[in-house]
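Below is a structure I'd like to ask you about.
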Amino acid sequence: MSLFKRLTGLQPAVPLPYVENTVVAGQASLSIRYLGTAGFVVSDGTHTVVLDPYVTRPDLLTSLTRPLVPDADLIAALMPEADDVLIGHAHHDHILDGPELCRQTGARLIGSSSTAMVGRAAGLPEAQLVETAGREDIASGTWTLRGFPSRHGRIFGRIPFPGDLHAPPPWPPRMHQLKHGLVLNWLLDTGPLTVMHIDSADFIEEELAGHRCDIVCLCAIGRQARPDYVRDVVRLLQPRWIIPCHWDTMLTPVHAEPDLLPGVDLPGFLAEIEAAGVRPLLTPILGTQRFS
Ligand SMILES: [Zn+2]
């Protein structure tokens, strides 16, 4: 670990309190694998849904100066199966690897109209695109998927690359060509367990109210961007477990030790989750949690 990274806060001064490959209560019936950034693979062994896949993770210079090319081999190695792919919003760090994963697996790409534009840009056929404005149930095998309209968080006071995509962007795209479009929080009802995915630093209270769930995958930078972020999520959704996400810079290779996003107080985030009576499951990138 370089001294520079420690001094700049990119690396933690103490090891992160990871919880890995834990069977939480009884026999496992659902597994959740963390992909880094806001990416997850949720599977019950027969059905697999992937959220916000972004494993290509180009470095900073490439991200800022070059078209972003999905790493097809890495996607195949890390995500051999997907029945559906859900996108929370169409920024590069949430959508870049989605179309290639759908091409390889035959999965549907599900998200906003901007997400569908990205799918078209990458050459996916219309039959693999599912557009939603949220507030509707989408059948996925025996599971039910539902998007809740949400808001993108502000980074240093402003929302990066705002707006919708009204036409397919260039492909491969540059970072700034992927506008976020409609932001959706995804609820996955898998039968025995429900999972809510909040992939940005804000949400709409009225949309989430009344939708209790067991597990929340929660964006760690939200705590800085929205007052009472953790407390409000727990009050509204009453989960048993929270898996933090979006705490790494997304600029390191997926198999390397991740850097922390500057400004993310991960220990503080975990403490707030515990103080709200919920068990935090800080998961290493490519680590898996198992639930029953
Ligand atoms: Zn974003």
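The values are calculated or read from the model by the stated rules, or taken from the named source; none is laboratory data. Keep in mind the model is a prediction, meaning the values are calculated, not measured. As a convention, Cβ positions derive from the backbone with ideal geometry for all residues, glycine included, and neighbour counts pool all protein chains shown.
For region 85-104, which residues satisfy the criterion of being out of contact with any strand residue (DSSP E or B) (no Cβ under 8 Å at 6 or more places or on another chain) and more than 16 Å from the ligand (Cβ to nearest atom)?
Glu100, Arg103, Gln104 - these are the residues of region 85-104 that are out of contact with any strand residue (DSSP E or B) (no Cβ under 8 Å at 6 or more places or on another chain) and more than 16 Å from the ligand (Cβ to nearest atom).
Right, another one. If you check Met117, Met196, Met175, which single one turns out to be more than 24 Å from Tyr34 (Cβ to Cβ) and of a type outside the set (Lys, Arg)? It would help to see each step written out before you state the result.
Working: Met196 fails: more than 24 Å from Tyr34 (Cβ to Cβ); Met175 fails: more than 24 Å from Tyr34 (Cβ to Cβ).
So the residue among Met117, Met196, Met175 that is more than 24 Å from Tyr34 (Cβ to Cβ) and of a type outside the set (Lys, Arg) is Met117.
Continuing with the same structure: Pick from region 261-292 the residues that are among the charged types (D, E, K, R) and closer than 20 Å to Ala225 by Cβ: which of them is nearest to the chain's Cα centre (by Cα)?
Asp265
Quick test for you: out of Ala82, Ala122, pick the one residue that is away from the ligand (no atom under 16 Å from the Cβ), under 18 Å from the mean Cα position of the chain (by Cα) and surrounded by 16 or more Cβ atoms within 10 Å (Cβ to Cβ).
Numbers: Ala122 fails: under 18 Å from the mean Cα position of the chain (by Cα).
Selected residue: Ala82, the only one of Ala82, Ala122 that is away from the ligand (no atom under 16 Å from the Cβ), under 18 Å from the mean Cα position of the chain (by Cα) and surrounded by 16 or more Cβ atoms within 10 Å (Cβ to Cβ).
Among the listed residues Leu30, Leu10, which satisfies the condition of being at pLDDT below 85 and under 21 Å from Ile243 (Cα atoms)? Steps first, please.
On the way: Leu30 fails: at pLDDT below 85.
Residue meeting the stated conditions: Leu10.
Ok, one more. Inside region 77-102, can you point out the residues that are part of a helix (DSSP H, G or I) and touching a Ser or Thr at 6+ places or on another chain (Cβ under 9 Å)? Break it down stepwise before answering.
First, pick out the residues of region 77-102 that are part of a helix (DSSP H, G or I): 77-78, 92-95, 98-102.
Listed by number, the residues that qualify are His92, Asp93, His94, Ile95, Gly98, Glu100.
Would you point out the residue of region 160-169, among those that are within 16 Å of the ligand (Cβ to nearest atom) and surrounded by fewer than 19 Cβ atoms within 10 Å (Cβ to Cβ), that is farthest from Leu109 (Cα to Cα)? First the steps, then the outcome.
Just the residues of region 160-169 that are within 16 Å of the ligand (Cβ to nearest atom), to begin with: 160-165, 169.
Going one step further and asking which of them are surrounded by fewer than 19 Cβ atoms within 10 Å (Cβ to Cβ), we end up with 160-164.
Numbers: Pro160: 23, Phe161: 21, Pro162: 21, Gly163: 20, Asp164: 17 Å.
Residue satisfying both the conditions and the ranking: Pro160.
For region 184-210, which positions are surrounded by fewer than 16 Cβ atoms within 10 Å (Cβ to Cβ) and within 17 Å of the chain's Cα centre (by Cα)?
Filtering region 184-210 down to residues surrounded by fewer than 16 Cβ atoms within 10 Å (Cβ to Cβ) leaves 191-192, 204-206, 209-210.
Answer for region 184-210, where residues must be surrounded by fewer than 16 Cβ atoms within 10 Å (Cβ to Cβ) and within 17 Å of the chain's Cα centre (by Cα): there is none.
Are any of the residues in region 258-276 touching a Gly at 6+ places or on another chain (Cβ under 8 Å), surrounded by 18 or more Cβ atoms within 10 Å (Cβ to Cβ) and assigned to a loop (DSSP other than H, G, I, E, B)?
There is at least one residue in region 258-276 that is touching a Gly at 6+ places or on another chain (Cβ under 8 Å), surrounded by 18 or more Cβ atoms within 10 Å (Cβ to Cβ) and assigned to a loop (DSSP other than H, G, I, E, B).
Please count how many residues of region 211-257 are part of a loop (DSSP other than H, G, I, E, B) and either touching a residue at least 12 places away in the same chain (Cβ under 8 Å) or under 30 Å from Leu64 (Cβ atoms) (or both).
Narrowing region 211-257 to residues part of a loop (DSSP other than H, G, I, E, B): 211-214, 220-221, 226-228, 238-240, 246-247, 249-257.
Next cut, either touching a residue at least 12 places away in the same chain (Cβ under 8 Å) or under 30 Å from Leu64 (Cβ atoms) (or both) only: 211-214, 220-221, 226, 238-240, 246-247, 249-257.
Here the count works out to 21.
What pairs come up if the first residue lies in region 89-110 and is of a type in the set (Val, Ile, Thr), the second is within 12 Å of the ligand (Cβ to nearest atom), and their beta carbons are under 6 Å apart, counting only those six or more places apart or on different chains?
Every condition considered, the pairs that remain are Ile95/Ile87.
Is there any pair linking a residue in region 45-70 that is buried (at least 22 other Cβ atoms within 10 Å of the Cβ) to one that is of a type in the set (A, V, I, L, M, F, W, C) and assigned to a helix (DSSP H, G or I), with Cβ under 6 Å and at least six apart or on different chains, and which?
Pro53/Leu101; Val55/Leu74; Val55/Leu78
Looking at region 147-159, can you tell me whether even one residue there is more than 19 Å from Phe203 (Cβ to Cβ) and within 16 Å of the ligand (Cβ to nearest atom)?
Looking only at region 147-159, we keep the residues that are more than 19 Å from Phe203 (Cβ to Cβ), and these are 156.
This time we only want the ones that are within 16 Å of the ligand (Cβ to nearest atom), so: 156.
Within region 147-159, one or more residues are more than 19 Å from Phe203 (Cβ to Cβ) and within 16 Å of the ligand (Cβ to nearest atom).
Which of the residues belonging to region 227-250 are farther than 21 Å from Glu20 by Cβ and surrounded by 19 or more Cβ atoms within 10 Å (Cβ to Cβ)?
Step one: of region 227-250, the residues farther than 21 Å from Glu20 by Cβ are 227-238.
Residues satisfying the conditions are Tyr229, Val230, Val233, Val234, Leu236, Leu237.
While we're looking at this one, here's another question. Within the bounds of region 170-183, is there any residue that is under 19 Å from Leu218 (Cβ atoms), surrounded by 14 or more Cβ atoms within 10 Å (Cβ to Cβ) and within 16 Å of the ligand (Cβ to nearest atom)?
Kept after step one, since they are under 19 Å from Leu218 (Cβ atoms), are these residues of region 170-183: 180, 183.
If we keep only those that are surrounded by 14 or more Cβ atoms within 10 Å (Cβ to Cβ) too, we end up with 180, 183.
Add one more test, that the residue is within 16 Å of the ligand (Cβ to nearest atom), and what stays is 180, 183.
Yes, region 170-183 contains at least one residue that is under 19 Å from Leu218 (Cβ atoms), surrounded by 14 or more Cβ atoms within 10 Å (Cβ to Cβ) and within 16 Å of the ligand (Cβ to nearest atom).
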